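A.B. asks: Dumping the structure here so I can ask a few things about it.
Since every read-out is calculated from the coordinates, none of them should be taken as a lab result. Please read all numbers here as calculations on a predicted model, not as lab measurements. Here Cβ is always computed from backbone atoms with ideal geometry, including for glycine, and neighbour counts include all displayed protein chains.
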Amino acid sequence: MKLKPFLVILFVSVLFSCRKEPDTEDLKLEQVVATDRDLSANFSSYATFFISDTVSIVASASTDSILTGPLALQMVNAVKTNMTNRGYTFRPRSQGLPDLGLRLTVIKDVTRTAVCGGWWDGWWGYYPPWYWGCYYCGGYYYPWCTTYTYTVGTSALYMFDIKNQGANHNVRALWGATMFGVFSTTNNQTNADLTTTAINQAFTQSTYLKK
Amino acid sequence: MKKLIILIFIYTACAGSISAQDWHLDNLMTFNWQIATPLSTNYLKETSLAGGNFEYRRLIKPNMSVGIGFSWNSFEQYIPPKVYDRPDGSRQIYTDFVHQVYTLPIYLNAHYYFKGGDKLKPYAGIGLGAQYSEQSAYYNIFVTEEDNWGFVARPEAGLLFRLSNYFGLHANVGFSYATNKNESLKIDELKHVYYNIGIYWNGSY
């Protein structure tokens, strides 16, 4: 192969791979909040609501199904406060059926992403891998890999129409909020704070929710 | 401001050299740092400093060249958190984004060189070809990404400043229009103004 065409191909190949990776750290500070409503619902026709003090949880450990205690209360109270501020009244279970029922579920899922580089990617292959304490990683120019572990959290808050349920107890979902993003792997208080902020945002962007 | 400085530089350099003695061009290779400002797109507005350009020009007449060129630009902009509402009011989504567009035009070029002076040679030209582009919207740890190809046209005007018979400085300003489309990110075309600052070699390659 002649040198000039080879250099051109090499140059174009480098260009295709030289895209700058953006800094996305700040994007993880808040969860993405998506809300969805039933356009036929008249939210001012409902007066009372109920939400349990426990939160459903789906996580990698099969024993985790219900979250109780202060972290659950923090998130549930955020829902109660927002509903009260919109003119709805909390009705305890002992006082009969409410007009609206709300349920909060948190899904905590661990995701691993492996990113591998080659000799061209940062170290130029100059240092052997064992220099960095990885004797069995391979030989000279062996690509290094970094494994990022993300815990992805998704919270779902749904509002159901109890007032107009049919004789067969079918209930209609009137409103839903899905909140998702990165969770802390170790600090559940951080995760509860993220979810609480997201719950508040879900109500903020749902201005039609009012008595 | 950067645009103004470059335009003043080109204008002053041209005006000062009209009466000077002409000089001879062989074939040219130019390497440039490229600054680019996106135009008429709501997706991105921030000027990019992450770009470059390489061109080879073969003289087919003493004042005319044809050749090939490559450029690349990495545009990026942080979009603060806001609520995006569906027109019928049924759905809303709240998030912040990092918007990114990477462009890689590959084109054939033609340039006409005006009568310059002993040190300076102004020129005008156009590049026509294809543009590869990637458009990405990062949110939280997620990304929506698409890549595509489009037709690209790049009219430009510039200046060569001779330091020796074989080497000199190069600057130009141009407009890039490409037909790359991205339906999901509502991009109908990619347009930007670019400014190249670099060096050239003049010789019989």
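A.B. asks: Restricting things to alpha carbons, find the Rg to Rh ratio for segment B:135-205 using the Kirkwood radius for Rh.
C.D. replies: 1.20
A.B. asks: A further question follows. Give the peptides A:180-186, B:130-136 in descending order of average Cβ contacts within 10 Å, highest first.
C.D. replies: B:130-136, A:180-186
A.B. asks: Give me the inter-chain shielding for B:165-174: mean count of other chain Cβ atoms within 10 Å, whole number please.
C.D. replies: For peptide B:165-174, the averaged partner shielding equals 0.
A.B. asks: Can you work out the PRE-style zone for A:ARG172? Point 7 Å along Cα to Cβ, and I want the residues of segment A:87-103 with backbone N under 16 Å.
C.D. replies: A:99-101
A.B. asks: In nm, give the distance between the simple-model label positions of A:LYS210 and A:SER45, each being 7 Å from the Cα along the Cα-to-Cβ direction.
C.D. replies: 2.0
A.B. asks: Which one, B:PHE151, B:GLY69, B:PHE161, is farthest towards the positive end of the dipole of chain B when Lys and Arg carry +1 and Asp and Glu -1 on their Cβ?
C.D. replies: Working it through, the farthest residue towards the positive pole turns out to be B:PHE161.
A.B. asks: What percent of all Cα-Cα pairs in segment B:111-154 falls into each 5 Å bin, going from 0 up to the bin containing the maximum distance?
C.D. replies: Spelled out bin by bin, segment B:111-154 gives 6, 15, 14, 11, 9, 11, 9, 8, 7, 6, 3, 1 percent.
A.B. asks: Hey, could you get me the Stokes-Einstein D for segment A:150-204, Kirkwood radius over alpha-carbon pairs, 4 °C and 1.567 mPa s, rounded to whole µm² s⁻¹?
C.D. replies: This corresponds to a translational diffusion coefficient of 100 µm²/s.
A.B. asks: Place a +1 charge on the Cβ of each Lys and Arg in chain B and a -1 charge on the Cβ of each Asp and Glu, then give the dipole magnitude about the Cα centre in debye, rounded to the nearest 20.
C.D. replies: For chain B, the charge dipole is close to 700 debye.
A.B. asks: Now for a separate question. If you put +1 on each Lys and Arg Cβ and -1 on each Asp and Glu Cβ, how big is the dipole of segment B:146-205 around its Cα centre, in Debye rounded to 20?
C.D. replies: Roughly 300 debye, rounded to the nearest 20.
A.B. asks: Starting at 0 and stepping by 5 Å, how many percent of the alpha carbon pairs of segment B:62-170 end up in each bin?
C.D. replies: Per 5 Å bin, starting at zero, the Cα-Cα P(r) for segment B:62-170 comes out as 3, 10, 13, 14, 12, 11, 10, 8, 7, 6, 4, 2, 1, 0 percent.
A.B. asks: Other chains near B:134-145: what is the mean number of their Cβ atoms within 10 Å of each residue's Cβ?
C.D. replies: The mean count of partner-chain Cβ atoms within 10 Å per residue comes to 4.
A.B. asks: Compute the acute angle (0 to 90°) between the alpha-carbon long axis of helix B:2-15 and the principal axis of greatest extent of the alpha-carbon atoms of chain B; round to the nearest 10°.
C.D. replies: 20
A.B. asks: Compute the distance from the alpha-carbon center of segment A:163-211 to that of segment B:115-145, in whole Å.
C.D. replies: 44
A.B. asks: On the principal axes of its Cα set, how long, how wide and how thick is chain B? Give whole Å, largest value first.
C.D. replies: Projected onto the principal axes, the Cα atoms of chain B cover 71, 30, 26 Å.
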